[in-house]
1. Considering 334, 384, 403, which residue is polar (S, T, N, Q) and more than 28 Å from residue 690 (Cα to Cα)?
2. What about residue 231, is it within 31 Å of the chain's Cα centre (by Cα) and more than 18 Å from residue 100 (Cβ to Cβ)?
3. Given the conditions (1) more than 25 Å from residue 662 (Cβ to Cβ); (2) buried (at least 23 other Cβ atoms within 10 Å of the Cβ), and given that residue 563 satisfies all but one, which numbered condition is not satisfied?
4. Is there a residue being touching a residue at least 24 places away in the same chain (Cβ under 8 Å) and in a helix (DSSP H, G or I) anywhere in segment 584-595?
5. Quick check on my filter: what residues within segment 403-427 are buried (at least 17 other Cβ atoms within 10 Å of the Cβ), in a strand (DSSP E or B) and among the hydroxyl-bearing types (Ser, Thr, Tyr)?
6. Could you look through segment 379-395, keep only residues that are assigned to a helix (DSSP H, G or I) and in contact (Cβ under 8 Å) with a residue 12 or more places away in the chain, and pick out the one that is surrounded by the fewest Cβ atoms within 10 Å (Cβ to Cβ)?
7. I need a count of the residues in segment 217-254 that are among the small types (Gly, Ala, Ser) and touching a Ser or Thr at 6+ places or on another chain (Cβ under 7 Å).
8. Residues in segment 433-478 that are without any contact (Cβ under 8 Å) to a residue 60 or more places away in the chain and crowded, with 18+ Cβ neighbours inside 10 Å: how many?
Amino acid sequence: MSKNTETIGTTSVWVKRIWQLFTLAFLLVILFFASVRYGLFGELPDTAELENPKTKLASEIYTGDGNILGKMFYQEDRTNSEYANLPEHLKVALVATEDERFYSHSGIDGRALLRAITRLGRNGGGSTITQQLAKNLFHRDEVNRTNRLIQKIKEWFLAVQIEKRYAKEEIIVMYFNTVPYGRSFGIKSASKRFFNKKTQDLAIEESAVLVGMLRANTYYNPIRNPNNATRVRNVVFGQLENYNYITAAEKDSLKKLPLVTDEHYTDHNSGMATYFRSYLAKWMKQWTKKYAKETGVKYNIYDDGLKVYTTLDTKLQAYAEKAISTHMAVLQDQFFNETKRRNRDPWYKEDENGDMVSDPDYPWRMMKRTQRYRTLKKRFNNNQDSIAFYLNKPIQMKLFSWQGDIDTLLSPLDSLKYTKQILHTGFMSFEPQTGHIKAWVGGINHRHFQYDHVNKKSSRQVGSTFKPLVYARGLDDDKLQPCEKESTGPVIVDYGDGKQWMPKNSGNVSEEVTFYEGLQKSINTITARVMKRLGPNSAAVVRQTAGNMGIDESKFEPYPSICLGTMDISVFEMVGAYGTFVNEGTFVEPIFITRIEDKHGNILEEFTPKRNEAIRKQSAYIICKMLERVTMSGGTAARLRGSRFTIPAGATIGGKTGTTQNNSDGWFMGITPNLVSGCWVGAEERNVHFRATQYGQGANTALPIFGKYMEQVYANPEMEYGRGVFKKPDIEMTVALDCDNIQTSDSTYVPIDDVDDEELF
């Protein structure tokens, strides 16, 4: 055999082997792709899932006047947009920057892919918009190098399937709804977060920023890294020029524009109605369980894009929050100043004589309730010296103040002392005819203090705000006439089994006054005389009336002292009860949701309030007129019509103050013909309170919030709330309301509106 023949033979063998290897590699590639396609490395979405891709959508909360109040999101802030709401420059910028042949390929861009392979991704990746959509929809988990190729192949298969099932326009909008922007998902959420705009209102330079962020949403974040964001924005302008959407001159002009952002990121602790939104989220979780039990259909409030339509009014909610922030800042200063002036801490206890005395052990008792104390107790085996050392050791912390958060070094014990001096509030306002709650403010700052002081489970002693319910029962049973006179002197009330009760007034003046004056001046003994007229079962029948007006009867025992508001009731319940007076004796349960829809707009449930006849129309109207007098000269709420507030002269407005024992709780209930509001103010702990009643009474702590709230209502000429007069019943009145012919007391005696000590014997 010649050398040439031998060489040819050897070459032939190697060529054969190369072809064999190539064929084997080709078959292995085919097999590998087939394995990916048919689920050997994890199943691909089936046809139904491709046609109905499920993305996590935060449930949206809408106000009664059509505004978005917020969203319920757990980890992802995501809201979908419509194609019609995407500006043309936004769509063009996306295609020009991310996938210039988007409208010509079928999911995979061969040229871009080849470029990415040959240049190792240095000049951009090869993923199309459709591939990125596939990743966003079905494969958003992080991957390592081992399975990166598998995921990429999956994206290819999915991209092709998506292109078969959706038009290009649908793919564009789906992509924009699934793309991440840090903590926000989707162009709608990003537009709101970075520019405080609706997507359709984005300017071209703002669209360029958001498209540029798609390359790396942290690195090009316009808030955190404005220089990087500006640089990538200008790159997008260049792509728009290349795409002939703008001219070179327009590009140069746009590049000169400064980067302007307006961050508006709303989490659970920021934005409007934080306490209401938090309460609503808890309520919605219970609703989904109930709905699933009744229908078999399960919904997740964080993922399923429910639309929750509430009753809140944007303006009234804003008015309430402003009134609270304005007044509570002043009130807190009053509290701190009183403490400083007296040179003693504001926590007290009653001694054996019923007198208020300082309670120096209070902070340590409160500290023992904390998780920090329990942790230290376990760590040091209950060694009190070691526990005390760490509780008195300063650490870095952030404290609430009305002037802004305070970053400071403070010991846990001193921090507790400071925090326990912070005054809190709960405010609710509703439309009594419809039951629609219009404003709900559960506290002063949800980030620092998350306890809600409005809902039914949050109850505090109501004091004299309960008295109108007692008068209402007396009127219903024809036991009193508004113009009748009674003595303010001592009174003994029998309540069965030989037991008696004798209340005290804040003053010692004994005189004859009408029942009008009795409520106007909040005279305890006059209220007690109503109870006496109701007979030995007075407590039971008053309790029954309260129950008919929406108050949980189990919250108090049927003792005659309930007429002075010795029991704990929630703001929610008290506002609902007062609505009965304005609504002609019919109790309408306050509601905060009108309907719930799924993400497609299908109504899942609608809500209407419960109604029941609680008291007679005549009684309700009389109470309204009596409460109106409380706000006039001589009444405990007379300052409402004074120079402190710009309430229009002649406005139909009534109210009732309430101050509990030792000034622990301050209340005000306010009524107008179509708006009823209630407010509580106090510290977290009842033994933390104003020492001086002039500061701690409801007229000083709670009434100003209502006054500042109604000022804004009356200042808005477009608002109907607060207008009109109390509706007179269309029946013949059997009692006299005009007391002009009856001489009323000229006394200047105006007792403080409180729950005084009572004697039982």
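Nothing in this text is a laboratory measurement; each read-out follows from the coordinates by a stated rule. None of the values given here were measured: they were computed from a predicted structure. Every residue, glycine as well, gets a Cβ built from its backbone with ideal geometry; the counts of neighbours run over all protein chains shown.
1. 384
2. For residue 231, the condition - within 31 Å of the chain's Cα centre (by Cα) and more than 18 Å from residue 100 (Cβ to Cβ) - is not met.
3. (1)
4. no
5. 425
6. Per the stated criteria, the residue is 390.
7. So the answer is 0.
8. Total satisfying the criteria: 1.
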